[in-house]
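*Asks:* Just passing along the structure, written as structure tokens.
The values are calculated or read from the model by the stated rules, or taken from the named source; none is laboratory data. Being a predicted model, the structure only gives us computed values, none of them experimental. Neighbour counts run over all protein chains shown; Cβ positions are idealised from the backbone, glycine included. The area values use the complete protein model at the heavy-atom level, side chains included, leaving out ligands, DNA and RNA. Shrake-Rupley method; radii C 1.70, N 1.55, O 1.52, S 1.80 Å.
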Amino acid sequence: MRNHRVGLCGLGGVLVAICIMLAQTTSICNANEGMWLSENPPRQLLKSQYQFDCNDAWIKHLRRSSVRFNNGGSGSFCSADGLVITNHHVGADAVYKLSSEGNNLLKNGFYAPTRDQELPCHDLELNVLYEVEDVTARVQNAVKSAEATNAVDARRAVIAEIEQNAANQSGLRCDVVTLYRGGRYHLYYYKKYTDVRLVFAPEQQAAFFGGDADNFEYPRYDLDITFFRVYENGQPAHIDDFLTWNPQGTQEGDLVFVSGHPGHTERLDTVAHLEFLRDEQMPASMASLYRREVLLKAYAGRSPENARRAHAAILGVENGRKARGGMLDGLETPSLFDAKRTTEAKLKEAFAQKYPNAAAGTDPWSQIEKAVAAWSDMRESYELFEGGTAFQSRLFGIARTLVRLAEENEKANDIRLPEYRDSNRVSLELSLFSEAPIYADLETLTLGNSLAFALETSRNKTSGLNADAFKWMDGGKSMSPKQFAASLVTGTRLADLAYRKELARGGAVAIAASDDPMIQLARQVDAFSRDLRTRYETTVDEPMKQAYAQLADLQFEVFGDSVYPDATFTLRLAFGIVKGYEENGQTITAYTQLGGVFARHEEMGGGVGDEGAFDLPQRWLDGRQTLDATVPYNFVSTADIIGGNSGSPVVDRAGRFVGIIFDGNIQSLVLDYAFTEEQARATSVDVRAIMETLRKLYHADALLKELALQSK
């Protein structure tokens, strides 16, 4: 999954199974399908299928033991003293920011045997869901006008009011979550932790063994784990709900549960919506990622320090490229669309019966088609400017945030852009004032490349852009995009945290008076970018919300509560069984073993270190004989997961930790659009491998003691 890894790569010939799937809104036909809301678990299904009683106490404990990482991953508490486990690839950004040229924690790994040795992370925020409240009626009743501009403003205002009032009363982070594309609205109360410290991380070669070559493959041999600790008032936070570990793990056929935060799915989309993704959005995104990947790898190849600086970005781009490739492969499968058309026909029939006198073009499918057409007309310009693909630079992101923060602070809270509301202020400032290092040479490279890409796109007659949109680029100095980028990066002071705080305190006056070139650029493009955002919200997003809300009502009438909402990076419960599968006439067993990593290392000619995908750290080669080669390492299950589930705990019937999700196999990559369990599998690190390696390779006795696991 690697920050939206699962569900996102090439499929080859494995999609024949899709013909058995019903489409986006059908009642559940596969026993293990569903990313269920924690407030609405499939109790009857679990009772009838598995004789499991999903009671309130069990759900509440699992909910409050589950953790959301603000960088797009999941995790879980595993001790009363705030210890959290997640994937290495979820924590890698924090580990990267704590590294330096002389101390590469990604390469060397890290372990703090005592609390005073734990490293404070720069800008990591963890959220824990405490309570959920249905506020659908309040939001929908506030949207009284059919005119899109008024609807956008009304919806924004009522959501801001709900969030702020709830935050004031509870002292928690409060987010209104849009479900069923606008069919339902739930208010989520989160306990927020911003003092997060690194406790343990293995070497990246152990965590991501096999690299890009083995990504999305199975069998796998990865120790994809990292431990953090949350603090409050300078002390480890006291946690009432945390997961105890089951050192016996699982057996094939066991029922397991996954509690995590899947990021995004498109299972409720209409056919027209998915066709747009297939034909326009995904191919364009792929082209951009290919370009960026080549650029970063060329930079990384120039020196070991360049490779360290670009490492995290390269992994992200590789994963994004594979992700979108898999999504595109899934969308190019005719049987997927055939199934979706079948279900859509059922809903259209229900609509015709419910609204026999509806005028032509007023049905939700027509409204979505209209919104998709509007999106097609502005997609390239929106993604470049408001989406930021023209300005791939952390320094520009800081500048834009400062410029908008100053302007939004002048407005009433209920009419601000959502990310600048008072309820989001702590999270915004955590990122804005991060002390994470910024590398000028890498900034210049990526900004110059993205500016050049924007200019090239503007020459496409369908983009809606022209040279006038880029008059700001050279300021009359006739510079190339690369030269312009260099002048911005060398001239800006935004890498200085004190200067950023000074501008933020000074507000609109300070921003207007600033001669910082990056601030000036952000100001020059902001009006155009905001206009694009307004157009998108009024002609695309709001009409879709209203149309999908109408579809949601139809779905509930036709299919009842067997309809779960698309993933929204909010807490969901999935379940399945530990089970292997058949592929190309061969049986793929559910488990791999620790000894298999050494066999794979030798098979692929791996060395020592991190130069190749199949290299192993010296620690592993030296400790090979101490490990029990038969200990289960990774395993697969039929649980329904997607990107964002990275780091999700896998628990047994008793709610005990038995593993941690880190990926899916190739056959799972269609799950963004439809579910199948014939071959699709979720991949986890086994609890027994975690215990074995912590004990014998990393000698993490204090960590094992805190986990209440006896050391042999």
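*Asks:* For the stretch 566-690, place one equal point scatterer on every Cα, skip the solvent, and apply the Debye formula. What is log10 of I(q)/I(0) at q = 0.13, 0.15, 0.21 Å⁻¹?
*Replies:* Those come out to -0.62, -0.81, -1.24, one per q.
*Asks:* With a ≥ b ≥ c taken as the square roots of the eigenvalues of the C-alpha gyration tensor of the stretch 129-223, please select rounded if a/c is under 1.5 and otherwise prolate if a/b is larger than b/c or oblate if it is not?
*Replies:* Prolate, since a/c reaches 1.5 and a/b exceeds b/c.
*Asks:* Okay, next question. Sum -39500 (n - 2.57) across every DSSP H segment of at least 4 residues in the chain, then divide by the residue count to get the 222 nm mean residue ellipticity, nearest 500.
*Replies:* Taken over the chain, the calculation gives -13500 deg cm²/dmol.
*Asks:* Subtract the Cα-Cα distance of residue 31 and residue 653 from 0.36 nm times their separation in residues, and report this length gain in nm to one decimal.
*Replies:* Contour length minus the Cα-Cα distance gives 222.2 nm.
*Asks:* Got a sec? What order do 195, 496 fall in by accessible area at 1.4 Å, biggest, i.e. largest, first?
*Replies:* 496, 195
*Asks:* Determine the sum of side-chain charges near residue 502: Lys and Arg each +1, Asp and Glu each -1, restricted to other residues whose C-beta is under 13 angstrom from that of residue 502.
*Replies:* In short, +2.
*Asks:* Under a Cβ-Cβ cut-off of 14 Å, what is the net charge of the residues other than residue 386 that fall near it, where Lys and Arg count +1 and Asp and Glu count -1?
*Replies:* My count for the surroundings of residue 386 gives -1.
*Asks:* Then there is this: With only alpha-carbon atoms in the gyration tensor, what are the semi-axes of the equivalent ellipsoid for the stretch 573-631, in Å, largest first?
*Replies:* For the stretch 573-631, the semi-axes come out at 27, 15, 12 Å.
*Asks:* On to the next question. Work out how much length residue 39 to residue 114 would gain on full extension: take 0.36 nm times their residue separation and subtract the Cα-Cα distance, in nm to one decimal.
*Replies:* The span from residue 39 to residue 114 would gain 23.2 nm if fully extended.
*Asks:* Still on this model: Using a 1.4 angstrom probe and counting only protein chains, how large is the accessible area of residue 214 in Å², to 10?
*Replies:* For residue 214, solvent-accessible area is about 10 Å².
*Asks:* Would you list 705, 297 from the most to the least accessible area, probe 1.4 Å?
*Replies:* 705, 297
*Asks:* Among 698, 655, 668, which residue has its Cα positioned farthest towards the positive end of the charge dipole of the stretch 643-712, with +1 placed on the Cβ of Lys and Arg, -1 on the Cβ of Asp and Glu, and the dipole taken about the Cα centre?
*Replies:* The Cα lying farthest towards the positive end belongs to 698.
*Asks:* Can you pull out the GluC sites (Glu not before Pro) in the stretch 599-662 whose DSSP state is coil and whose Cβ has at most 16 other Cβ atoms within 10 Å? Intermediate values should be presented prior to the final figure.
*Replies:* On the way: sites: 602, 603, 611; in loops: 611.
In loop regions of the stretch 599-662 (DSSP not H, G, I, E or B), the sparsely surrounded GluC sites (Glu not before Pro) are 611.
*Asks:* Exceeding 28 Å between C-alpha atoms, which entries from my cross-link table qualify? They are 346/579; 144/370; 47/192.
*Replies:* 346/579; 47/192, as the Cα separations exceed 28 Å there.
*Asks:* Keeping every protein chain in place, order 88, 699 by accessible area at 1.4 Å, biggest value first, i.e. largest first. Spell out each step's value before the answer.
*Replies:* Details: 88 0, 699 120 Å².
Accessible-area ranking of 88, 699, largest first: 699, 88.
*Asks:* Let me ask something else. Given Cα positions, please report Rg to Rh for the stretch 186-267, the hydrodynamic radius being the Kirkwood one.
*Replies:* 1.01
*Asks:* Let me ask something additional. How many percent of DSSP beta bridges within the chain run antiparallel, rounded to 5?
*Replies:* Details: 68 of 70 bridges.
Roughly 95 percent of the beta bridges in the chain run antiparallel, per DSSP.
*Asks:* May I pose another question? Ignoring everything but the protein chains, give the 1.4 Å probe accessible area of residue 453 in square angstrom, nearest 10.
*Replies:* It works out to around 50 Å².
*Asks:* Residue 165 to residue 629: extension gain in nm, 0.36 nm per residue of separation minus the Cα-Cα distance?
*Replies:* 161.5 nm
*Asks:* Answer rounded, prolate or oblate for the chain, using the Cα gyration tensor with square roots of eigenvalues a ≥ b ≥ c: rounded when a/c is under 1.5, else prolate when a/b is larger than b/c, else oblate.
*Replies:* Rounded is the answer for the chain, as its axis ratio a/c remains below 1.5.
*Asks:* Just name one of 120, 142, 185: the one whose Cα is farthest towards the positive end of the charge dipole of the stretch 118-187 (beta-carbon charges, Lys/Arg +1, Asp/Glu -1).
*Replies:* Going by the Cα projections, it comes out as 142.
*Asks:* To continue, here is another question. What percentages make up the Cα-Cα pair-distance distribution of the stretch 369-423 when the bins are 5 Å wide from 0?
*Replies:* Reading upward from the zero bin: 4, 17, 18, 16, 18, 18, 8, 1.
*Asks:* Using only protein heavy atoms and a 1.4 Å probe, report how much of residue 471 is accessible, in Å² to the nearest 10.
*Replies:* Its heavy atoms expose roughly 140 Å² to the probe.
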